[in-house]
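Before any comments, here is the structure.
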Amino acid sequence: MPDRPVRSWLFAALIAMFALGVPSLARAEQMTTISSEYQVRASELLDILKGSQQEESFFASSFLDAVPLPQVRALVAQLQTQYGEPLTITRIIPASAKDGTVEIAYAKATLAMRMVLDNSAPYPVIGLQVTGANMTDDSIDKVKQEFETLPGAAGFEIAEIGVDQTSIITSLNADQQFAIGSTFKLYILAALSSKIANSDRDWDDVVPIYRKSLPSGILQDWPIGTPMTLQALATLMVSVSDNTATDILMTELGSNILDEMVYKSGHSAPDKMLPMLSTIEFFDLKMPKNADVRALYIEASDDVQRDLLSRYNIGLDAKSIDISNLANKPQHIETVEWFAAPSDLTGLLQIINNIEDPVVKNILKINPLIPPGDALRWNYIGGKGGSEPGVISFAFLTKSKSGKTYAVSGSWNNSVAPVDNDKFTLMMNRLLNLIAAR
């Protein structure tokens with residue numbers, strides 16, 4: 001499927017554990033002192049991460065209702081598997097008397113954990129979230145070596161985007177075409193912003209929901225006729241990878257505009273990307289019932305492919321699509337997908353970076369795809385990801401504290417088995433952390 005979606009980093013590799021009523025994380029003024037209650041709980045947190053199994057006296061009942069004890073212990077064990085033995089508390093950064101970040105050194109990384117206490121004695125923990133991880137003695141070369149060992153094919157590119165030119169910092173298989181899943185929606189965002197910049201459309205234009213796709217997203221459950229602005233549709237398309245919003249925007253823009261953006265961005269193999277499938281066409285074309293059409297489609301030219309989609313009514317009947325067919329193993333990811341090389345995504349991100357309309361970058365940063373603690377390493381970070389069995393892809397546009405702008409993208413495909421989304425997501429986050437420190 002085009003996206004599950006790739007969530008805002010609620011992955012097993014960087015575990016987020018929530019209880020009811022925990023306020024959202026905000027950048028707060030650092031206090032000069034740490035409350036004694038918070039210090040005690042921080043020390044107990046280290047013991048729990050080491051396996052003390054004192055969770056029932058540590059967490060509030062509301063937390064354990066939301067995250068049952070066996071799950072908590074499984075997640076603690078998973079952190080040890082991923083990062084080695086927890087060793088010590090390196091520092092505590094308070095946001096208030098009962099809220100802050102505890103940094104804990106593991107054998108292989110230092111993890112930042114936001115911990116929130118109840119306001120009443122005995123001040124149990126009502127919220128705990130891993131918000132970042134810095135691998136010990138990590139390097140871009142180490143991550144590149146791990147990319148090279150991934151089963152199937154994988155590649156990435158890191159580039160500094162300047163005013164007049166783009167400088168490649170490092171890459172691997174940057175010119176190889178990969179299935180990118182819902183990362184393709186960045187082409188739609190860029191095309192829409194171009195249309196608006198030319199005054200052909202406006203973000204405030206209202207469009208009713210007149211067609212539907214399948215999850216991911218929310219609009220597939222909304223009534224036909226519900227009025228939506230173009231900005232709302234674009235926001236849902238990027239932030240929660242809404243497929244219905246995506247398909248409506250594709251219809252509103254038309255194939256010519258989308259084709260132009262693929263060429264404008266310098267895509268190195270436009271015949272692989274075009275015709276750009278809508279998400280409902282993507283689902284339908286992969287169905288077993290359409291095996292004959294799919295065989296014709298794969299061998300056809302772009303124009304004939306468009307004709308086949310129309311002639312056989314591909315994507316017109318969502319009710320006939322059984323999405324479970326795509327849930328467990330890779331299905332035609334080498335032939336029925338959206339394709340781009342990491343270098344192609346660098347070109348697209350450069351176009352997006354040059355868009356002066358602030359709406360675009362505001363939409364892109366809603367879901368930065370990385371832990372909140374790591375996002376704070378950047379002055380700006382926006383991103384889009386996509387996944388289906390056998391496919392995962394990310395594209396990030398970032399601005400560092402030193403004022404540099406970077407495009408960071410990577411993809412991993414395996415046509416014979418599902419890829420490890422958690423592992424790849426962590427690898428991309430490590431690249432971002434390493435670049436942020438430059």
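The values are calculated or read from the model by the stated rules, or taken from the named source; none is laboratory data. Please read all numbers here as calculations on a predicted model, not as lab measurements. With ideal geometry, Cβ positions are generated from the backbone for all residues, glycine too; neighbour counts draw on all protein chains shown. Heads up: the accessible areas ignore ligands, DNA and RNA and are worked out on the full protein's heavy atoms, side chains in. Shrake-Rupley method; radii C 1.70, N 1.55, O 1.52, S 1.80 Å.
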message: The conditions are (1) part of a helix (DSSP H, G or I); (2) buried (at least 18 other Cβ atoms within 10 Å of the Cβ), and K423 fails exactly one of them. Which is it?
response: (2)
message: Pairs needed: first member in the range 31-57, farther than 26 Å from G84 by Cβ and in contact (Cβ under 8 Å) with a residue 40 or more places away in the chain; second member anywhere, among the hydrophobic types (A, V, I, L, M, F, W, C) and surrounded by 14 or more Cβ atoms within 10 Å (Cβ to Cβ); C-beta distance under 8 Å; at least 6 residues apart or different chains.
response: M31/A95; M31/A97; I34/I92; S35/A97; E37/A97; E37/L117
message: Exactly one of these conditions fails for D242: (1) free of Cβ contacts under 8 Å to residues at least 60 places away in the same chain; (2) open to solvent by less than 30 Å² (accessible area, probe 1.4 Å); (3) farther than 21 Å from I363 by Cα. Give me its number.
response: (3)
- prompt: Looking at V360, V293, V304, which is the one that is among the β-branched types (V, I, T) and open to solvent by less than 10 Å² (accessible area, probe 1.4 Å)?
  reply: V360
- line: Residues of the range 279-290 being under 23 Å from T246 (Cα atoms) and open to solvent by 20 Å² or more (accessible area, probe 1.4 Å), in sequence order, are E281
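Within the range 93-101, is there a residue that is polar (S, T, N, Q) and more than 24 Å from the chain's Cα centre (by Cα)? Give the derivation first.
First, the residues of the range 93-101 that are polar (S, T, N, Q): 96, 101.
Keeping just the survivors that are more than 24 Å from the chain's Cα centre (by Cα) gives 96.
Yes - at least one qualifying residue is present in the range 93-101.
For every residue, the table says whether it meets (1) in a helix (DSSP H, G or I); (2) more than 17 Å from the chain's Cα centre (by Cα); (3) within 26 Å of I161 (Cα to Cα).
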residue: K384; (1), (2), (3): no, no, yes
residue: F394; (1), (2), (3): no, no, yes
residue: S402; (1), (2), (3): no, yes, yes
residue: S411; (1), (2), (3): no, no, yes
residue: S415; (1), (2), (3): no, yes, no
residue: V419; (1), (2), (3): no, no, no
residue: L434; (1), (2), (3): yes, yes, yes
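Every residue, every condition in (1) hydroxyl-bearing (S, T, Y); (2) crowded, with 19+ Cβ neighbours inside 10 Å; (3) in contact with a Pro (Cβ under 9 Å, 6 or more places away or on another chain), yes or no:
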| site | (1), (2), (3) |
| --- | --- |
| S57 | yes, no, yes |
| P68 | no, no, no |
| T81 | yes, no, no |
| I93 | no, no, no |
query: What number of residues in the range 133-190 are at pLDDT below 95 and either in a strand (DSSP E or B) or of a type in the set (D, E) (or both)?
result: 7
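Of all residues in the range 363-393, count the ones that are charged (D, E, K, R) and open to solvent by less than 10 Å² (accessible area, probe 1.4 Å). Outline the logic, then answer.
Pass one, the range 363-393, residues charged (D, E, K, R): 365, 374, 377, 384, 388.
Subset that is open to solvent by less than 10 Å² (accessible area, probe 1.4 Å): 374, 384, 388.
The qualifying residues number 3.
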- prompt: Residues in the range 186-208: is at least one buried (at least 24 other Cβ atoms within 10 Å of the Cβ), among the charged types (D, E, K, R) and in contact (Cβ under 8 Å) with a residue 12 or more places away in the chain?
  reply: no
